[in-house]
1. For the range 99-136, which positions are in a loop (DSSP other than H, G, I, E, B), out of contact with any strand residue (DSSP E or B) (no Cβ under 9 Å at 6 or more places or on another chain) and of a type in the set (A, V, I, L, M, F, W, C)?
2. I'd like the residue in the range 10-34 that is within 6 Å of ligand 1 (Cβ to nearest atom) and within 13 Å of the chain's Cα centre (by Cα) and, out of all such residues, is surrounded by the fewest Cβ atoms within 10 Å (Cβ to Cβ).
3. Inside the range 73-104, can you point out the residues that are within 16 Å of ligand 2 (Cβ to nearest atom) and under 19 Å from residue 136 (Cα atoms)?
4. Please specify each residue of the range 9-42 satisfying the condition of being among the β-branched types (Val, Ile, Thr) and within 8 Å of ligand 2 (Cβ to nearest atom).
Amino acid sequence: MKKLILMGRSGSGKTTLKQALNREKIEYCKTQYIHHGSLLIDTPGEYAQTHHLGYALALYAYEADVVGLLAAATENYTLFPPNITCMVNREVIGIVTKINAPKANRALAELWLKNAGCRRIFFVDSVTGEGVEDILAFLCTVPDRKPQQ
Ligand SMILES: Nc1nc2c(ncn2[C@@H]2O[C@H](COP(=O)(O)OP(=O)(O)OP(=O)(O)O)[C@@H](O)[C@H]2O)c(=O)[nH]1
Ligand SMILES: [Mg+2]
């Protein structure tokens, strides 16, 4: 499977999504440092929220096959500037979390992620599990490669 690194502000749902993808018990646990697992890399939101730590995230992306930018459907502004995806040379997907929360605005979060440069967007509720299989199926796909001559 492809390894996914999760990035986004604190509270956007990175750890909860990690637990859902790993089929672990869903429980709140503040991320204090980067967790590097076999399928997923979970990062603290403060890395995305602090200018100089953002460069560390860009470097850490090399450890993964795919970068996941998270935006909760409840967020009222975005951290991601336009075309931020060009900072990394990995495929970048957008993940909208908390899609069933009261006052969730999926469309706005999707727009922010597309504006950041994500072409493919997933929609999840990590607590109910909705949409989690779609991400797992994507991580299982092997990119088409031309046979070597
Ligand atoms: N309903 C719902 N709640 C969610 C979802 N994702 C996260 N939450 C809740 O949002 C809160 C914060 O989630 P975390 O997964 O800890 O957020 P995080 O991005 O890992 O935050 P940091 O570790 O601080 O960077 C928790 O109380 C979760 O239960 C979701 O998809 N749906
Ligand atoms: Mg966390």
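1. Pass one, the range 99-136, residues in a loop (DSSP other than H, G, I, E, B): 99-105, 117-119, 124, 126-129, 131.
After this cut, where a residue has to be out of contact with any strand residue (DSSP E or B) (no Cβ under 9 Å at 6 or more places or on another chain) as well, the list is 102-103, 105, 127-129.
Selection gives 127 alone.
2. We begin by selecting, within the range 10-34, every residue within 6 Å of ligand 1 (Cβ to nearest atom); these are 10-16, 28, 30-31.
From what is left, the residues that are within 13 Å of the chain's Cα centre (by Cα) are 10-16.
Working: 10: 13, 11: 17, 12: 25, 13: 27, 14: 28, 15: 24, 16: 23.
Filtering the range 10-34 for residues that are within 6 Å of ligand 1 (Cβ to nearest atom) and within 13 Å of the chain's Cα centre (by Cα), the one surrounded by the fewest Cβ atoms within 10 Å (Cβ to Cβ) comes out as 10.
3. Answer for the range 73-104, where residues must be within 16 Å of ligand 2 (Cβ to nearest atom) and under 19 Å from residue 136 (Cα atoms): 95, 97, 98.
4. 15, 16, 31, listed by residue number.
So that you can scan it fast, the table gives a plain yes or no per residue for (1) in contact (Cβ under 8 Å) with a residue 12 or more places away in the chain; (2) touching a helix residue (DSSP H, G or I) at 6+ places or on another chain (Cβ under 7 Å):
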position: 52; (1), (2): no, no
position: 69; (1), (2): yes, yes
position: 74; (1), (2): yes, no
position: 79; (1), (2): yes, yes
position: 82; (1), (2): yes, yes
position: 92; (1), (2): yes, yes
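Taken together, the values in this text are just the output of simple stated rules run on the coordinates, not laboratory data. None of these values were measured; they are calculated from a predicted model. Positions of Cβ are generated from backbone atoms using ideal geometry, with glycine treated the same way; all protein chains shown enter the neighbour counts.
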